[in-house]
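Worksheet: the structure to be examined is printed underneath.
The values are calculated or read from the model by the stated rules, or taken from the named source; none is laboratory data. Keep in mind it's a predicted model, so treat the numbers as computed, not measured. Here the Cβ is made from the backbone with ideal geometry for all residues, glycine too, and neighbour counts use every protein chain on show. Surface areas here come from the heavy atoms of the whole protein model, side chains and all, with no ligands, DNA or RNA. Shrake-Rupley method; radii C 1.70, N 1.55, O 1.52, S 1.80 Å.
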Amino acid sequence: MIARDLIDRLAEHRTLSAASRTELEWLAAHGSIRNLNTGDALSMKGHPVEGLYIILSGRLVVFVDRGDGPSKFIEWREGDVTGMLPYSRMVTPPGDVRALEPVEVFAIPREHLRSITRECYEVTAILVHRMLDRARLFTSSELQNEKMISLGKLSAGLAHELNNPASAIERCAAMLEDRLKDSEEATRDLAAETLNDEQIAAVEAVRRSCIAKQGREVRSPLEQSDHEEAIEEWLAGHGLDTSNAQMLADTEVTFEALELLAAGVERPALNAVLRWAGADCAVRHLTSKIQHSATRISSLVNAVKGFTHMDQANVADPVDLGSCLANTVAVLQSKAHEKSVNVTLELEAELPKVRGFAAELNQVWGNLIDNALDAAGNGGPVQVLANRENQSVVVRILDDGAGVPAEIRDRIFDPFFTTKPMGQGIGLGLDIARRLVRHNDGAITFESQPGRTEFRVTLPIAEI
């Protein structure tokens, strides 16, 4: 291609067409044509970008690997410019830049970029505007990716939290059918027996004993097995049907109540009474577990709804930080369980409301508590505290992790700075938190040393 043809093509270029022909002639004199086949790399991650690239034809794509393989990040087409731009601080690309199809680019080596700012004012102005657009595009894409990473973590945690009560409901419903059948048969057997008032009172005492809530802790599998064996031995010792042991072991029946019943009711009526009492209590126990599991699912759904504020307009209003923090802790509880981390929430009595955007503040608490869970040691504590200080409310989030090294403390709020492994974050969590706190007229600071890191968010009290 002769220089005149190249200048004509630059004059028709979508990005550079507004520049004067004199400046385009200068560009043509200081660069060269490069041709890439499909799959060829223009620049590679970890290697310096060699210059400014003006795309004359074809398509280029940045492929970024965040731990799960390369994925398409940003695409440039004919009429775009990429690579090093005037005043850009970029050194290496965020990923590999490869051709999706045969590509023709006009490349200007990076050593000429400073000369471009002196010799080509119009081109420089165009490229600076394009650099700002590119920065916004990069930031928007990374913000979206950070949101998707956060959403993925939240979804996985919620799926785990919801699966436990849902599975419990399924198991209990399946067992309930069998227990109802046992209860019906036991009721028929009991109806065939003739019991006096004293015996009926003893039967009722056993039933009350079975369903009594004594506030005990849930038995471990070994404790439950031992309890069942003890009841089976009691039944065998009194010449009774030991097949009722499992149902009775699932209840709160006491041996004192069983002894009173055995003293008042003779066999074979006693077998029918015990079977009826065990089946009745088992049905009640299963329905109670179903109700508890359904309540747990409802509370998780309400926590997510409160966390996202999906039914409210995104406007500044008085915000109850107590419920916001409680909802955030609830949706992150699964992650805490995985690390055996105990998350405690301590709120000052009658904590005043702050004025802000509830959904944005919840995103702040989500990022900070999630980071604290990552930093905390297995079995360690994470504390979330909120109290009033003068005309502000201060929320503090503490963990017992290794702390933030002194050499990086000035950078932890910088965009894209992260110490997490690839695929677990891209370094926007704290940057987002800081920008959202500022948008809510607040301030965020931190103090860190080995064994204790504290993030403090200060927000103005709402005027009511």
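Quick check on the stretch 55-107: of everything there that is assigned to a loop (DSSP other than H, G, I, E, B) and charged (D, E, K, R), which residue is least open to solvent (accessible area, probe 1.4 Å)? Walk me through it before giving the result.
Residues of the stretch 55-107 that are assigned to a loop (DSSP other than H, G, I, E, B), as a first pass: 58, 66-69, 78-80, 84-95, 100-102.
Cutting the leftovers down to charged (D, E, K, R) gives us 66, 68, 78, 80, 89, 101.
Numbers: Arg66: 39, Asp68: 134, Glu78: 113, Asp80: 22, Arg89: 222, Glu101: 63 Å².
Looking at the filtered set, the residue picked out is Asp80.
Report the residue count in the stretch 242-268 for those that are assigned to a helix (DSSP H, G or I) and open to solvent by 10 Å² or more (accessible area, probe 1.4 Å). Working first, answer last.
Initial filter on the stretch 242-268 (assigned to a helix (DSSP H, G or I)): 242-249, 255-264.
Next cut, open to solvent by 10 Å² or more (accessible area, probe 1.4 Å) only: 242-243, 246-247, 255-257, 259-260, 262-264.
Number of matching residues: 12.
Please determine whether any residue of the stretch 420-434 is open to solvent by less than 50 Å² (accessible area, probe 1.4 Å), at pLDDT 80 or above and over 24 Å from Arg355 (Cα atoms).
Checked against the condition, which is being open to solvent by less than 50 Å² (accessible area, probe 1.4 Å), at pLDDT 80 or above and over 24 Å from Arg355 (Cα atoms), the stretch 420-434 yields no hits at all.
Could you list, in sequence order, all residues of the stretch 30-39 that are open to solvent by 40 Å² or more (accessible area, probe 1.4 Å) and over 25 Å from Arg89 (Cα atoms)? Show your work before the answer.
Restricting attention to the stretch 30-39, the residues satisfying the condition of being open to solvent by 40 Å² or more (accessible area, probe 1.4 Å) are 30, 32-35, 37-38.
Matches in the stretch 30-39: Asn35, Asn37, Thr38.
Scan (1) touching a Lys or Arg at 6+ places or on another chain (Cβ under 8 Å); (2) open to solvent by 40 Å² or more (accessible area, probe 1.4 Å); (3) among the polar types (S, T, N, Q) for the single condition Thr22 breaks and write down its number.
Evaluating Thr22 over (1) touching a Lys or Arg at 6+ places or on another chain (Cβ under 8 Å); (2) open to solvent by 40 Å² or more (accessible area, probe 1.4 Å); (3) among the polar types (S, T, N, Q) leaves (1) as the failure.
Take the conditions in contact (Cβ under 8 Å) with a residue 24 or more places away in the chain and within 16 Å of Val61 (Cα to Cα) and apply them to Ala41. Does it pass? Lay out the reasoning, then the answer.
Numbers: in contact (Cβ under 8 Å) with a residue 24 or more places away in the chain: yes; within 16 Å of Val61 (Cα to Cα): yes.
For Ala41, the condition - in contact (Cβ under 8 Å) with a residue 24 or more places away in the chain and within 16 Å of Val61 (Cα to Cα) - is met.
Please state which of the following conditions Thr308 fails to meet, knowing it meets all the rest: (1) among the polar types (S, T, N, Q); (2) at pLDDT 80 or above; (3) within 27 Å of the chain's Cα centre (by Cα).
(2)
Which condition number does His337 fail, the rest of (1) in contact with a helix residue (DSSP H, G or I) (Cβ under 7 Å, 6 or more places away or on another chain); (2) over 21 Å from Val404 (Cβ atoms) being met?
His337 satisfies every listed condition except (1).
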